[in-house]
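In what follows, a single structure is set out as structure tokens and then discussed.
No lab work stands behind these numbers, since they all come straight from the coordinates. In this text, all values refer to a predicted model and were calculated from it rather than measured experimentally. Cβ placement follows ideal geometry from the backbone for every residue including glycine, while neighbour counts extend to all protein chains displayed.
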Amino acid sequence: MTESQGARTVRDAADVVVLGAGPAGLVLGNLLQDRGIGCVILERATQQHVRTRARAGFLAANTVRVLERNRLADGLRRRGREHSVCEFRTEDGRFRLDYSRLGAGERHTVYPQQELVSDLLTRYLGAGGRIHFETEAVAVREADGNRPWVEARDPDGRPVRWDARYVAGCDGRHGAARRSIPPGTVRRHHRDHGISWLGLLADAPPSFDAVGYAVHPHGFAGHMARTPETTRYYLQCDPGMPPDAWSDARIWDELAVRMRASDYEALREGPIVQRAVVGLESDVLEPLRHGSLFLAGDAASLISPSAAKGANLAVLEAEILAAALAEDLRGAGPEALQGYSAQCLEYIWRAQEFSHWMIRLLHSAPEADRDSLFQDRLRRSRIEALRTSRTQQDWFAENYVGI
Ligand code: APR
């Protein structure tokens, strides 16, 4: 590391500078390290925050295969739990689908994202990986040339300059990578679905042994196991509702109503330890590249949580990007890097399409929609087709657990 005289900016370099230590950045960091490519990860948050931030938890079968073949799956093999049943509850009753017996016959592995992230970080550090916490990337500069650099701030707020051959933007939707792409160079596809969910994490065991999707006149409710002691719930809410607008008691009452607990089984209540309002949005950049800057994970595309695809796409993209960067840096030619964006966008659009279908399956049309009764009949018919048609169930299973 050198300090340049005039600007007093600390200066350093790596072949690949990775922004962000989420699933995308850490899978990429590990795989580059394994291939002997010099890289550094810059992460805005503290190490403690990165290791404990509760997020998603459903890993698709293909994600597990990616992690296994790259020797990143020790923790999830030991502590992850297989899961393959979802249950739909509507005004017309309830039904279950065991998707391990449908479609491609695959299952999810339930493994809280913070545990996966923590495993990836431990492995990266154990192999001597370089990472700087509390270091915020401000901008990616000169990405349209061969010598991009990252302007960052160290934990004391001092300017740091990282020179690179390539920069990997894995710093999420609000990160510096996206912000650094000049307007008009990359196309942005954006859709606000006009629906919000209050996402909740409860210190309470799952209430039943399936992922639960309830469609109710009050709005959607969801139930997803995280660990034997913690459960994620979702309640559709008014867009813009403050996350603390409802007391814990009101939340459990509303969950019980929408899940029709009095008809089936009582919910297992406990303290709500995390709450956030998430707007269902889709956002895809095309291509996932601007010159020497490549995007992966939420920085590349944002997907609504309705089908739990976000973390799975992040892992897959990181694997593809690692192989392509390594090929290029070893002098094997730029073809793989040139194909990175198109290859990932195929997976991204497929996941977007399914997640969009799930949104329309699980929500009554907004009341403001003059067409809402018509839309609602379509929604009921869609669920009925899923309940009764084996072909529809096979299609659902393949897309639900696949990526
Ligand atoms: N500089 C450095 N780090 C940054 C910056 C910045 N300017 N901005 C954000 N970060 C860091 C965040 O602190 C976070 O640790 O980038 C990381 C991005 O990680 P994630 O948000 O987990 O994104 P990603 O790796 O793409 O994984 C996406 O995880 O749960 C999810 O919904 C999410 O499913 C999606 C998946």
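State the number of residues belonging to region 87-122 that are farther than 27 Å from TRP395 by Cβ and either away from the ligand (no atom under 16 Å from the Cβ) or more than 23 Å from the chain's Cα centre (by Cα) (or both).
0
For region 219-263, give me each residue that is of a type outside the set (D, E, K, R), within 21 Å of GLY93 (Cα to Cα) and surrounded by fewer than 15 Cβ atoms within 10 Å (Cβ to Cβ).
Across region 219-263, the qualifying residue is only SER262.
Please indicate, with yes or no, whether at least one residue in region 359-378 is touching an Asp or Glu at 6+ places or on another chain (Cβ under 9 Å), surrounded by fewer than 19 Cβ atoms within 10 Å (Cβ to Cβ) and touching a residue at least 40 places away in the same chain (Cβ under 8 Å).
Within region 359-378, none of the residues are touching an Asp or Glu at 6+ places or on another chain (Cβ under 9 Å), surrounded by fewer than 19 Cβ atoms within 10 Å (Cβ to Cβ) and touching a residue at least 40 places away in the same chain (Cβ under 8 Å).
Across region 134-143, which residue is nearest to LEU42 (Cα to Cα) among those that are surrounded by fewer than 20 Cβ atoms within 10 Å (Cβ to Cβ) and out of contact with any Lys or Arg (no Cβ under 8 Å at 6 or more places or on another chain)?
Looking at the filtered set, the residue picked out is ARG141.
Given the residues ARG173, ARG147, ARG178, ARG158, which is the only one that is within 10 Å of the ligand (Cβ to nearest atom) and surrounded by fewer than 17 Cβ atoms within 10 Å (Cβ to Cβ)?
ARG173
Out of the residues in region 18-68 that are more than 30 Å from ALA104 (Cβ to Cβ) and free of Cβ contacts under 8 Å to residues at least 40 places away in the same chain, state the one that is nearest to the ligand (Cβ to nearest atom).
Per the criteria, the residue is HIS49.
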